[in-house]
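A quick write-up on the structure given underneath.
The values are calculated or read from the model by the stated rules, or taken from the named source; none is laboratory data. Remember, it's a predicted structure, so these values are computed and weren't measured experimentally. Using ideal geometry, Cβ is built from the backbone for each residue, glycine included, and neighbour counts are taken over all protein chains shown. Ligands, DNA and RNA are excluded from the accessible area calculation, which covers all protein heavy atoms including side chains. Shrake-Rupley method; radii C 1.70, N 1.55, O 1.52, S 1.80 Å.
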Amino acid sequence: MAETMTWTAVARLADIPRLGSRVVATPDGDVALFRAADDHVFALEDRCPHKGGPLSQGIVHGHSVTCPLHNWVIDLASGAAQAPDIGCAKRLPVRLEGERVLLGTPL
Amino acid sequence: MNMLSPPRHRLVVIGNGMAGMRTVSELLARAPQRYDITVFGAEPHPNYDRIALSSVLAGEKSLDDIVINARDWYAENGIRLIAGDPVAAIDRTQRTVTSVAGQVVGYDRLLIATGSRPLVPPLPGLTLPGVCTFRDIADVNQMIAASETHRRAVVIGGGLLGLEAAWGLKRRGMSVAVVHLMPTLMERQLDETAGQMLQRDLDARGIAFFTNGQTEEILGTTQAAGVRLADGREVPADLVVVAIGIRPNIDLARAAGLEVNRGIVVGDDMACGADPEIYAVGECIEHRGQVFGLVAPIWEQAKVCAARLAGDTAASYATPPLSTRLKITGVDVFSAGALSAAAEEDEEVVLQDRKRGTYRKLVLREDRLVGAVMYGDVADGAWYFRLLREGTDIAAIRARLIMGEALAGTTADPVAALAALPEEAEICGCNGVCKGRIVAAIKSQGLASLDAVRAHTKASASCGSCTPQVERLLAMTAGVAAATGPKPMCKCTAHGHDHVRRAIVAEALKTIPQAMRALDWTTTDGCASCRPALNYYLLCAWPGEYVDDAQSRFVNERMHANIQKDGTYSVVPRMWGGMTNPRELRAIADVADKYQVREVKVTGGQRIDLFGVKREDLPAVWRDLNAAGMVSGHAYGKALRTVKTCVGSEWCRFGTQDSTGMGVALERMTWGSWHPHKVKLAVSGCPRNCAEATIKDFGVVAVDSGWELSVGGNGGIHVRATDFLCKVATEAEVLEYCGAFLQLYREEAHYLERTAPWVARQGIAYIRQRVVEDAAGRAALHARFLHAQSFSQTDPWAEQATNAAYKTLAPVE
């Protein structure tokens with residue numbers, strides 16, 4: 001598939017603490033950027049599929065985050081809730097370009 | 001008189017796997033001098049735990065961890081090990097075996113333990129590079145290597161073996177698909193419901209499934225590129241793992257003219273009928289039409305075979321009922337016996353909790369349990385399996401049977417239940433170890449630790465699910481450890497809270513990663529359950545030295561406010577002893593107006609709570625409250641919350657002492673302290689107890705002659721009144737006893753354990769001994785509390801008011 005994204009620099013990697021997150025305001029609502037211990041960066045809509053809790057405020061472990069409201073565990077790569085819970089947080093395209101964190105928006 | 005010992009018989013063992021070496025171990029235990037033993041192994045390794053290969057693949061264990069008998073063991077026991085040179089032929093007339101390299105060894109007794117080979121369907125493309133099976137160390141090494149250079153894997157087979165392979169590859173970062181012939185997973189061990197729950201869980205962990213999938217071809221020309229299914233679906237992959245099952249390895253036996261069918265045919269004496277000098281055990285055999293793939297019956301075979309080899313002509317084998325577990329971290333599956341009602345008189349009892357993801361089904365026949373399938377919570381598996389194996393009449397407990405042992409068992413006390421078990425009751429199902437053997441080993445060898453029991457009896461050395469019972473036996477027999485077995489802190493570790501706390505101090509572990517490494521954490525950075533616990537334990541053990549890890553704090557402790565269900569926060573300023581004044585109230589009112597606080601409420605702890613503060617406003621709210629002289633109320637933390645007071649002798653006509661003054665002094669001493677859970681204090685000015693001091697963690701009630709202290713109370717789900725600690729005369733003593741008690745709690749309780757269950761667990765006598773009777777100990781505890789406080793009494797609001805984490809980022813370019 002051809003490149004059909006516009007990429008916007010939204011943060012520097014150093015803005016996001018390891019095993020932590022930062023929130024980016026977008027026209028479509030808050031987006032949570034997560035940084036795993038291995039410096040993988042993920043982006044999810046900042047809403048837990050369960051009751052809309054702010055995932056950005058959860059504890060990050062491995063490539064997962066635990067929602068602060070009711071401890072749902074969300075896979076950062078897919079946005080999917082860990083069983084037995086069922087649901088999926090919206091995933092956003094994100095990539096690193098050197099130290100810059102770029103968020104993708106479909107054209 | 002002939003001084004020479006009789007010549008020893010020669011025993012040759014073909015196969016250095018689990019069945020063969022278990023037989024040899026059992027034989028050495030019974031008749032160490034009877035044989036000169038030679039062992040041939042096809043793999044160039046010492047004897048290892050094949051079951052644990054899944055854990056090696058998943059990165060949870062190393063190859064060294066799974067070695068059962070290292071080379072030293074063979075030497076120590078006078079065993080000649082020929083590893084990496086498989087046997088090529090058996091000559092039954094000459095009684096010799098010949099290896100591939102040409103070594104010839106004669107035998108008086110021969111034990112065939114050649115195990116099994118992976119079952120591989122005749123698929124086009126099988127010989128392509130990138131195709132492997134899942135059977136031995138070489139396979140695992142190939143898969144690990146592939147996971148480092150390739151991205152996608154497909155596993156053919158959705159049974160026990162295939163799923164463990166899939167999970168291991170997933171853990172190693174590959175994208176994994178499983179192709180399974182049947183409509184549900186593990187259909188031989190699980191019923192449809194459990195199979196579907198398993199699929200859903202694994203699906204959520206990122207494994208894709210193609211059920212009803214008949215593989216027709218492995219694609220690729222120079223390297224495996226995927227598989228094509230009979231219905232035309234194609235699954236791309238760089239690694240194809242064939243794990244559909246095993247078949248007994250019978251080639252040698254067949255060539256030697258022994259009777260073979262699906263496996264090498266053996267009788268109840270484990271001997272090969274035609275030739276009483278030759279025995280066979282393990283996955284290579286067929287006994288009464290049955291072949292074997294699980295470890296428990298094989299251990300039984302090893303025991304019988306060893307007895308026969310040692311000369312016990314009465315030993316006889318019968319296949320015990322079987323149970324299954326799946327070794328995928330965090331996925332708990334158990335099954336035994338029938339999967340569903342088969343006969344007319346069979347009945348099923350089902351309990352399912354979709355939210356918790358738990359399911360259990362029992363199959364009953366005439367008041368006997370004949371089958372159990374469990375998913376999610378399998379703690380009762382061992383109990384059901386015992387009822388099933390022993391054919392216990394369950395009529396009397398039928399109504400509660402599905403609730404598990406704690407509610408349905410004849411006795412709810414696990415220690416009493418264990419004491420009531422007969423000597424021959426099996427404790428460890430994996431290794432077939434009964435209660436009597438464990439108790440005897442503890443007594444005769446003076447064993448004093450779980451590891452020692454594991455080393456001597458193998459009990460709890462495999463899957464570990466019987467660890468609590470073994471620990472209880474240890475406690476009952478040798479009086480070591482607590483009466484109940486410690487529960488692991490979480491799924492990231494096998495260790496309980498006490499062990500972790502002790503190790504942090506004893507081994508001077510000073511950071512979370514260091515503690516995780518030293519204590520064999522199975523995950524790289526823990527989970528939302530163990531990280532906050534470790535952070536607290538380290539903070540408590542190394543005050544002033546440990547640097548608090550914000551990312552291991554629950555959001556409330558990171559934000560210094562209480563997250564509410566809509567994602568906003570509530571803010572509670574500290575009011576010392578519940579005292580406030582017009583200036584503070586004005587400042588609170590101003591903050592409520594300025595930041596459009598939606599609700600203002602007086603709390604049960606005599607504070608004012610401001611609800612609906614937005615995350616980005618938090619620093620400004622604090623700045624304003626700080627400016628009016630107020631600091632954080634820590635209403636969000638596992639910390640000292642509030643000291644509630646009544647008005648006391650200053651105003652009240654019944655008051656006997658200045659309870660507010662006492663409360664303020666206590667709060668000044670204790671504020672800012674972190675604890676395993678929240679801590680609440682109260683001071684009442686007379687026994688009418690208006691401050692409700694007797695349902696607080698530390699309660700003080702004034703009487704004419706001084707202060708009555710009591711501990712371990714709380715409101716909450718299980719209301720508990722305090723236990724009386726002692727009576728003291730002066731305010732200084734109240735402060736010292738309070739500091740000492742809180743420090744003892746800080747140092748010894750489990751994370752998230754409030755003082756009420758902790759005091760109940762330890763017993764008030766212990767608390768009195770440490771805090772009241774031991775004056776020097778009390779002074780030391782109090783001094784340690786004050787030392788820790790010298791680092792923790794900083795207002796987090798003042799520190800955090802400029803922290804960028806509260807702000808929302810705008811796009812930077």
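Worth pointing out:
- Number of positions in region B:73-95 that are touching a residue at least 60 places away in the same chain (Cβ under 8 Å), exposed (fewer than 14 other Cβ atoms within 10 Å of the Cβ) and within 37 Å of the chain's Cα centre (by Cα): 0
- Residues of region B:180-207 classified as closer than 27 Å to A:Gly62 by Cβ and not in a loop (DSSP other than H, G, I, E, B), total: 12
- Residue within region B:571-581 that is farther than 30 Å from A:Asp15 by Cβ, in contact with an Asp or Glu (Cβ under 6 Å, 6 or more places away or on another chain) and of a type in the set (Gly, Ala, Ser) present: yes
- Spans of strands (runs of 3 or more DSSP E) in region B:208-253 with at least 1 residues closer than 14 Å to B:Val131 by Cβ: B:215-219, B:226-229, B:234-236, B:239-242
- Total residues in region B:702-714, condition in contact (Cβ under 8 Å) with a residue 40 or more places away in the chain, at negative phi and either in contact with a helix residue (DSSP H, G or I) (Cβ under 8 Å, 6 or more places away or on another chain) or part of a strand (DSSP E or B) (or both): 6
- Candidates B:Arg365, B:Arg356 - the one that is open to solvent by 50 Å² or more (accessible area, probe 1.4 Å) and out of contact with any strand residue (DSSP E or B) (no Cβ under 9 Å at 6 or more places or on another chain): B:Arg356
- Within region B:520-555, the set of residues being among the aromatic types (Phe, Trp, Tyr), more than 8 Å from every other protein chain (Cβ to nearest Cβ) and in contact with a helix residue (DSSP H, G or I) (Cβ under 7 Å, 6 or more places away or on another chain) comprises B:Tyr537, B:Tyr546.
- Region A:69-84, residues that are open to solvent by 10 Å² or more (accessible area, probe 1.4 Å), out of contact with any Asp or Glu (no Cβ under 8 Å at 6 or more places or on another chain) and either more than 8 Å from chain B (Cβ to nearest Cβ) or within 19 Å of A:Leu33 (Cβ to Cβ) (or both): A:His70, A:Asp75, A:Ala77, A:Ser78, A:Ala80
- Strands (runs of 3 or more DSSP E) fully within region B:290-395 that include at least 3 residues being under 26 Å from B:Asn16 (Cα atoms): B:323-325.
- For region A:85-98, taking the residues that are in contact with a Lys or Arg (Cβ under 9 Å, 6 or more places away or on another chain) and either modelled with pLDDT of 90 or more or under 30 Å from B:Gly637 (Cβ atoms) (or both), the one that is surrounded by the fewest Cβ atoms within 10 Å (Cβ to Cβ) is identified as A:Lys90.
- Picking from residues in region A:13-66 that are more than 10 Å from chain B (Cβ to nearest Cβ) and of a type in the set (D, E, K, R), the one that is most open to solvent (accessible area, probe 1.4 Å) is A:Asp28.
- Here B:Tyr317 fulfils each of the conditions (1) touching a helix residue (DSSP H, G or I) at 6+ places or on another chain (Cβ under 6 Å); (2) at pLDDT 85 or above; (3) open to solvent by 50 Å² or more (accessible area, probe 1.4 Å) apart from (3).
- The set of residues in region B:96-116 being assigned to a loop (DSSP other than H, G, I, E, B) and in contact (Cβ under 8 Å) with a residue 12 or more places away in the chain consists of B:Val100, B:Ala101, B:Gln103, B:Tyr107, B:Asp108, B:Ala113, B:Thr114, B:Gly115.
- Test: residue in region B:348-363 that is away from chain A (no Cβ under 14 Å), free of Cβ contacts under 8 Å to residues at least 40 places away in the same chain and within 15 Å of B:Gly391 (Cα to Cα): yes
Yes/no matrix, rows are residues, columns are (1) within 30 Å of the chain's Cα centre (by Cα); (2) surrounded by fewer than 22 Cβ atoms within 10 Å (Cβ to Cβ); (3) not small (Gly, Ala, Ser):
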site	(1), (2), (3)
B:Ala145	yes, yes, no
B:Val155	yes, no, yes
B:Gly162	yes, no, no
B:His180	yes, no, yes
B:Gly195	yes, no, no
